[in-house]
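Okay, so here's the structure we're looking at.
The values are calculated or read from the model by the stated rules, or taken from the named source; none is laboratory data. The model shown is predicted, which means the values in this text are computed figures rather than measured ones. Neighbour counts run over all protein chains shown; Cβ positions are idealised from the backbone, glycine included.
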Amino acid sequence: MTEIMKAVRLHAFGGPENLLYEDAPRPFVGSDDVLVKVYAASLNPPDWYLRDGYRTLPPEWWPDPVFPLIPGTDVSGVVAAVGQNVAGFSVGDAVYSMVRFPERVMQGSGACADYVSVPSCELALKPQGIDHVQAAGAPMSLLTAWQFLIGPGHNAANPFQSFPHTAVPLKGRTVLINGAGGGVGHLAVQIARWQGARVIAVASSRNEALLYELGADEFIDYTKTAAEQVVNKVDLVLDAVGGAHMARFLSCIRQGGALFLVNPLGFSGWDEAARKGITVSSTQVRSSGAQLAEAGRLLDTGTVRVVIDSTWPLAMASAAHQRAAMGSIQGKIVLTNN
């Protein structure tokens, strides 16, 4: 007999109202998997892109999933069962993970539910110094910042470019982070600072006090000042925003510097970058229990902390997506399931 749980499910693509909190089959646990009782799950851009059917992508990239599907990748919870081949995790362990990403990005990774099945290689023990809400807010944003600034940690082909992404030395360098108040940005500020960089944070004015608190050396309110007009000869720009005007940052990067693009779609400055000897690079974030364990030590000691924009009960996932659609998210939106 199939065991039943509660989950947030999509039966069709569309707006936040399409997210239904309802009964669903409890997931099967494979021999290399761990069943996690979900205490909290966070939202990331791929969650609302998936809900909408990735309609911002070219039609040939639109997914054709089997409905209903359960969205969500970032999760924190407690181990409920382990597969027969799993070592290193036991029932009752507090854990966190970015689940099956990007492999199931178009089908839903299943984190927005009472239980989720996670490959053991994508799982790490939750840092003891933080709670489940903060831990759930970390994985995708933390891994993105880590894989851009510290190193990818894998040899998988890069879907965005013909060459692998390579991190650059940060100690003693000046790094500008655009979108510094968001999920990836606020963690990138802290990681760059930890690595010994001088950090210029670009965000809206409501984030100024927070970003100085997180270690930024300089703050630019993009609603009043165009960063590229007042900054020059920085070593690295990490653009966590994307859009049609990413190439503008090339004018403020020194010869031989680098521009890292979290969302490179639409970048148009290849010729200018080549003339200036600027490396333009991107990478696809990938699940990694090993990197979450490594980065988790920074969360445990408070060297890096996750800022929470808001929390919502799992049953109110549609309202949480409405909050995301409003924009100006400071840190992460988290669904709780206590």
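Here are the numbers:
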| read-out | value |
| --- | --- |
| Failed item in (1) in contact (Cβ under 8 Å) with a residue 40 or more places away in the chain; (2) surrounded by fewer than 21 Cβ atoms within 10 Å (Cβ to Cβ); (3) of a type outside the set (Asp, Glu), with residue 223 passing the rest | (1) |
| Subset of the range 1-46 [assigned to a helix (DSSP H, G or I) and either in contact with a strand residue (DSSP E or B) (Cβ under 8 Å, 6 or more places away or on another chain) or modelled with pLDDT of 95 or more (or both)] | 16, 17, 18 |
| Filter result (touching a residue at least 12 places away in the same chain (Cβ under 8 Å) and acidic (Asp, Glu)) within the range 230-274 | 235, 239, 272 |
| Top-ranked residue in the range 288-338 [being among the basic types (Lys, Arg) and either in a loop (DSSP other than H, G, I, E, B) or touching a Gly at 6+ places or on another chain (Cβ under 9 Å) (or both); ranked as surrounded by the most Cβ atoms within 10 Å (Cβ to Cβ)] | 332 |
| Subset of the range 224-272 that is of a type in the set (Ser, Thr, Tyr) and at pLDDT 95 or above - its residue that is farthest from residue 183 (Cα to Cα) | 251 |
| Search result, residues across the range 128-142 that are out of contact with any strand residue (DSSP E or B) (no Cβ under 6 Å at 6 or more places or on another chain) and either of a type in the set (Phe, Trp, Tyr) or crowded, with 23+ Cβ neighbours inside 10 Å (or both) | 134, 138, 141, 142 |
| Filtered residues of the range 249-275 (kept if over 28 Å from the mean Cα position of the chain (by Cα) and assigned to a helix (DSSP H, G or I)) | 271, 272, 274, 275 |
| Hey, residue 244 of a type in the set (A, V, I, L, M, F, W, C), over 30 Å from residue 127 (Cβ atoms) and surrounded by fewer than 21 Cβ atoms within 10 Å (Cβ to Cβ) or not | yes |
| Condition check for residue 66: over 17 Å from residue 335 (Cα atoms), of a type in the set (Val, Ile, Thr), surrounded by fewer than 22 Cβ atoms within 10 Å (Cβ to Cβ) and out of contact with any strand residue (DSSP E or B) (no Cβ under 6 Å at 6 or more places or on another chain) | yes |
